[in-house]
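Inspection log for the structure reproduced underneath, given as structure tokens.
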């Protein structure tokens, strides 16, 4: 097949033909088996069909053609076939097609957290805005990054693949309340524990300076 023919075939794909989010969701429903969790997108290697005018805002709101997608079941359906590749871009993926979408921050938002156990036995379980439930630990690490312009921290928890959830601010306060001082590699860090792992937030001296 010539490059021109390959390009033509991609343009004729169902993603490219989708005139609205409803048509697109019909394809994804067949691929993701709606209601049964995320699809095995990591095993698929479909043709790239270009970018779709779809964006996930920092607050977790999905937009299609500049309009918010208000139907949560549809958003959950789209989220089940998300994949972030090594190129740092996020895609909707089915067995036969792949399209790029835009993500302002993280594709998911962690909107709820439950803490069970104490000390080294503590477990932190997060629920995302699209219904994923993950327990922080070796498979779902928490990382903290500096928030530009505020001097604060933004926590993220890995959901699946390379896809993370930004921890919502109210949940972040709950998370910080569980922090403790832990020595890591000879340095005292303010950190949280979950699933037998320790996740550093910041050096203890930095937290003390911010609190003064």
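Assorted remarks:
- Any hit, the stretch 168-191, residues being in contact (Cβ under 8 Å) with a residue 12 or more places away in the chain, exposed (fewer than 12 other Cβ atoms within 10 Å of the Cβ) and not in a strand (DSSP E or B): no
- So residue 90, is it closer than 17 Å to residue 42 by Cβ and outside the structural domain of residue 164 (by TED's automatic domain parsing): yes
- The lone exception for residue 109 - which of (1) surrounded by 13 or more Cβ atoms within 10 Å (Cβ to Cβ); (2) modelled with pLDDT under 95 it fails: (2)
A quick yes/no check of all residues on (1) under 15 Å from the mean Cα position of the chain (by Cα); (2) touching a residue at least 60 places away in the same chain (Cβ under 8 Å); (3) part of a strand (DSSP E or B):
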| residue | (1), (2), (3) |
| --- | --- |
| 45 | no, no, no |
| 55 | yes, no, yes |
| 59 | yes, no, no |
| 74 | no, no, no |
| 77 | yes, no, no |
| 87 | no, no, no |
| 111 | yes, yes, yes |
| 115 | no, yes, yes |
| 137 | no, yes, no |
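This table checks each residue for (1) in contact with a strand residue (DSSP E or B) (Cβ under 9 Å, 6 or more places away or on another chain); (2) more than 28 Å from residue 74 (Cβ to Cβ); (3) at pLDDT below 95.
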residue	(1), (2), (3)
101	yes, no, no
119	yes, yes, yes
134	yes, no, yes
138	yes, yes, no
157	yes, no, no
162	yes, no, no
165	yes, no, no
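The values are calculated or read from the model by the stated rules, or taken from the named source; none is laboratory data. Quick caveat, the model's predicted, so the values are computed rather than measured. So basically every Cβ, Gly included, is an ideal-geometry build from the backbone, and we count neighbours across all protein chains shown.
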